[in-house]
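Please treat every number below as a calculation from the coordinates, not as lab data. Predicted model, so just to flag it, every value in this text is computed and none were measured. With ideal geometry, Cβ positions are generated from the backbone for all residues, glycine too; neighbour counts draw on all protein chains shown.
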Amino acid sequence: MTLSRFLVRRVAFALPLLLGVLFFTFLLVRIGGQDPVALLAGPTASVQELELVRRELGLDQTLFVQFWIYVAKVASFDLGRSWLSNKPVLSELLERVPVTFELMFWGVALGALIGIPVGLRAAFRADRMFDQFSRFLSLLGFSIPTYWLGLVMLFVFFFLLDWAPPGMGRISLIVTPPPRITGSYLIDGLLAADWEAAYSAAAQLILPVLCVAIVASAPIIKQTRAMALEVLGRDYVRLARAAGLPERDVRAIVWRNSLVPVITFIGTEITGLVGTASLIEYVFAWGGLGQYGLQAITSGDFAVVQGYVMFLALFSIVVFIVVDILTFLLEPRAAIEA
């Protein structure tokens, strides 16, 4: 099977999934008990004013009609307007996507750089002191609540030690943001040669990235160790050792055969970390996609909630397609069987 046919199959499987996400999100936000009409019209609105707002929003139609109207708008890249800010939902989401992507990229990359080597070393030293210590760290990373971790990081490194800036956004309040190019203050500052803005953005990134890395590295350590231990028990590894291959070559064989399941797991982990990152964004006032979605959920802004969930579904689909491409390139047989 060629890569193009493989991708066509994956996209064909993803379209019904996306439609199902749209339907269940549309349904859930309308049976959640919050009435956006009363919120928008205000506490002093009369019955006539409430009915007028409901009619303007199309909420006087049946759920079936509302859903198909929404699907038609989504197909034309119209996610509606925020019922609170009256701005297009799509433009607000696109403005915040680079912000969250920047945090996720550095956090997951750092978590993988820590988790994969630690997991491999723990597997090669199974039941020894390093293995016990790494398993303890992994369990600790699993157990720490994300929200509490962010607050502790701020308390220790900002309040007590004064090593980090306060968690008040992506750049210092006294620094002018660089011209928008990519949406990342760090990259935009470097591209515009605005070293003050780049330094401030890098300083603000440290604590939230560390939080994401800690949360991401814990399951990566555990999964990498489990995969490597499974490969170490295979017959071809025993044969390699019996044939007298150097330990370095044996470890290369183990790493090569553990790579595909580890990459697949990291892809799954990335999709789950988006929700985790929303709590970190909230603690550090990051202003990204996750914080935007949380605020929409608590305020009952249906249009934003629907757009937010759809973006998360699209993000998950894209991540899994990228993982499938890497799997296809590294191990075509495993990709075809999946």
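Scanning the stretch 84-116 for residues that are surrounded by fewer than 14 Cβ atoms within 10 Å (Cβ to Cβ) and not hydrophobic (A, V, I, L, M, F, W, C) gives SER85, ASN86, LYS87, SER91.
Taken over the stretch 1-12, the criterion of being part of a helix (DSSP H, G or I), touching a helix residue (DSSP H, G or I) at 6+ places or on another chain (Cβ under 9 Å) and loosely packed, with under 13 Cβ neighbours inside 10 Å is satisfied by VAL11 alone. Where helices (runs of 4 or more DSSP H) sit wholly within the stretch 35-142, those with at least 3 residues that are of a type in the set (Gly, Ala, Ser) occupy 89-124.
Only one of the numbered conditions (1) in contact with a Leu (Cβ under 8 Å, 6 or more places away or on another chain); (2) without any contact (Cβ under 8 Å) to a residue 40 or more places away in the chain; (3) under 18 Å from LEU289 (Cβ atoms) is violated by GLY167, and that is (2).
Just checking, how many residues over the stretch 191-230 are crowded, with 19+ Cβ neighbours inside 10 Å and more than 22 Å from ALA285 (Cβ to Cβ)? Number satisfying all stated conditions: 11.
Taken together, the residues in the stretch 117-138 that are buried (at least 20 other Cβ atoms within 10 Å of the Cβ) and without any contact (Cβ under 8 Å) to a residue 60 or more places away in the chain amount to 0. Checked against the criterion of being under 17 Å from ILE116 (Cα atoms) and touching a Ser or Thr at 6+ places or on another chain (Cβ under 6 Å), the stretch 202-210 contains not a single residue that satisfies it. Taking the conditions exactly as written (among the small types (Gly, Ala, Ser) and surrounded by 12 or more Cβ atoms within 10 Å (Cβ to Cβ)), does ALA243 satisfy them or not? Against the criterion (among the small types (Gly, Ala, Ser) and surrounded by 12 or more Cβ atoms within 10 Å (Cβ to Cβ)), ALA243 does not qualify.
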